Amino acid sequence: MNARSEPRAASPLPALAFALAVRLLLTFYWLTRFGGHLTESDAARTTLVIRSVFESGQLLPAGKPTYPYGYLYPAYVSALALLSGLDVLTWQQWLLPFAGLILTLLAFVLYLRLLGSPKWAACAVTLLNLQGDFLYTSQRGSHEKLDFMLIFLALAVIVLAALKTTSLRQRLALAAVYYLVILAENTEHVFFATTFTFTLLLAFLFWLAMRRRQQLQIMASPWVIYIALMSLLFSFLVIFYWYPPARAILYTSRDLLERVRLILFSAAEPPAELYSMVSANWVLPGAWLWLRVFDIFLFTTALIGWWRLVRLFFRRSEASDLSQASSHFWLLLLFPPFFLQNVAVVISDITGSVGEINNLQIRLIPLTAFVAAPLSAYAISHWAARLRQATARFATLRAIVVTLLSAVVLTLTLIKSVSEPLLANAWIFYTPAEEAGLAWLNQNIPYIEAEIGRRTPRVWAGPTFRLGDLWRQETWSTGDHRIPVFDRGQTTYTYVLLSPQVRLNTLRYHEALPNILNAQRIYVNGEVEIYYLPPEARP
């Protein structure tokens, strides 16, 4: 039984309940693995921006941190905090991870329309939720969860407009909803909005290429170009008129294009240290590649499913196959643009991307998975019937193998999504003792104005910025422009914060601990020790 052979009358509720239950269990694991003590750079920076908006009541508070690519998420969380009476950090750490349930619902509705089967729609949503980058970015306290919701809504509206428009009133209503959604996405994160717009433009070009081979009778396909142009207009208004900080995207895009140009037209070799850095983040050499096994499976099966649809589209002699493929038109159309954009950012990475550009890959892989997941489910649905027939005599063994493979995939997803410290070196957790040590620092460290930043006392707290992110997320008041600088292995620092986790993390990265023989211990709470280095003891 494939993705189109189930009866239409089948209730989608059991399949939806299964998909929601899987996502709920993944969310509970995220929250309970470290008791909610989670932080990482994007979440810390976003929390700081939200506090700035919340405390000032302005989208662009003067002299306070702002997010350059959009303001909708900080405004959204600020409104939730104001209406509920709960603080920003409670929403960021404990409540908003459950937004993944809304994402699961939206994805299920879209995939049900594309695949026509509740069972395979639930399979597609589960495949999406098991993709490590999607799970990680939609759970952490950053803006991606709202981006994903808006993009799912936009895709759902496009599919409905193309396949279900029966009256002028419906068309106008769907058009209004789409433009409101894409405008909201531009105010939320203009980079995601322009990425989605570029995807629509590439999809239109792909549609033209297919049309040259066969005159496809798909309703409303040409208007992809019109909605893409309207999306570009919204991006232009946000960047140049409504939210001036968003102009920073111009510099980001320029750097990305430069790196793509280098690998395409330059003989320079990609820097070896890039992948050395990736490997250094894991205890076992090459672990990052093993953690991509599920991604390889997902995208490979998606390519197979996409190629099957291509063959069906151009097989004129089989009308039933053509009709079946037509119902999957948007899967056929959208997968190549998303996939090509991921290829572009991989190219950018291997040419030595750093900083924000290097972060594009983790941002774009989940978007590609939006389309890869239902295509993978489509391919699996065609193999499942054959597999059941071929292994009918070994049903028990088949169930055991499927269960074991599912357990392996789930384990890899959990390891990657929480950066499991048993295997990973780049940690996203902290301990209550470390939090208490930072609170003491906040109360007792000598404050120096930020305007003389080079003289600000530096605090060494390990080879990564883990505790620096915690400081920024929880301790630094947005009304106080004075903050110690947590060092990333620089040469000078005034204080040293040591804990069992800091010591182990330093050992994992094969770095040396600071020399504290002549330092003064000024704080200890059982696990955490803080040392002051007088001028003569500083490196």
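Quick look at the values:
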read-out: Residues of region 75-89 classified as surrounded by fewer than 22 Cβ atoms within 10 Å (Cβ to Cβ) and either modelled with pLDDT under 95 or not hydroxyl-bearing (Ser, Thr, Tyr) (or both), total; value: 10
read-out: Any hit, region 434-454, residues being at pLDDT below 90, in contact with a strand residue (DSSP E or B) (Cβ under 6 Å, 6 or more places away or on another chain) and more than 19 Å from Asp133 (Cβ to Cβ); value: yes
read-out: Near pairs, Cβ below 9 angstrom, 6+ apart or cross-chain, from region 89-100 (in contact (Cβ under 8 Å) with a residue 12 or more places away in the chain) to any residue that is surrounded by fewer than 21 Cβ atoms within 10 Å (Cβ to Cβ) and among the acidic types (Asp, Glu); value: Leu89/Glu474
read-out: Residues satisfying the stated conditions in region 166-182, i.e. surrounded by fewer than 18 Cβ atoms within 10 Å (Cβ to Cβ), assigned to a helix (DSSP H, G or I) and at pLDDT below 90; value: Leu168, Arg169, Gln170, Arg171, Leu172, Ala173, Ala175
read-out: Tally, over region 133-165, of residues that are over 25 Å from Ala228 (Cα atoms) and either surrounded by 23 or more Cβ atoms within 10 Å (Cβ to Cβ) or among the polar types (S, T, N, Q) (or both); value: 7
read-out: Scope region 45-73; condition within 19 Å of Ser235 (Cβ to Cβ) and among the polar types (S, T, N, Q); matching residues; value: Thr66
read-out: Residues that are among the charged types (D, E, K, R) and at pLDDT below 90, drawn from region 1-41; value: Arg4, Glu6, Arg8, Glu40
read-out: All positions within region 491-539 that are touching a Phe, Trp or Tyr at 6+ places or on another chain (Cβ under 9 Å), β-branched (Val, Ile, Thr) and more than 16 Å from Tyr430 (Cβ to Cβ); value: Thr494, Val496, Ile516, Ile522
read-out: Ala377 being modelled with pLDDT of 85 or more, within 22 Å of Val22 (Cα to Cα) and touching a Gly at 6+ places or on another chain (Cβ under 9 Å); value: yes
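Here's the yes/no breakdown for (1) at pLDDT 50 or above; (2) among the polar types (S, T, N, Q); (3) in contact with a Leu (Cβ under 6 Å, 6 or more places away or on another chain); (4) crowded, with 18+ Cβ neighbours inside 10 Å:
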position: Gly286; (1), (2), (3), (4): yes, no, no, no
position: Leu291; (1), (2), (3), (4): yes, no, yes, yes
position: Ile296; (1), (2), (3), (4): yes, no, no, no
position: Ser327; (1), (2), (3), (4): yes, yes, no, no
position: Leu333; (1), (2), (3), (4): yes, no, no, yes
position: Pro337; (1), (2), (3), (4): yes, no, yes, yes
position: Val345; (1), (2), (3), (4): yes, no, yes, yes
position: Ile350; (1), (2), (3), (4): yes, no, no, no
position: Gly355; (1), (2), (3), (4): no, no, no, no
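The values are calculated or read from the model by the stated rules, or taken from the named source; none is laboratory data. Fair warning: this is a prediction, and the values are worked out from it, not measured in the lab. Quick reminder, even Gly has a Cβ in these numbers, built from the backbone with ideal geometry, and neighbours come from all protein chains shown.
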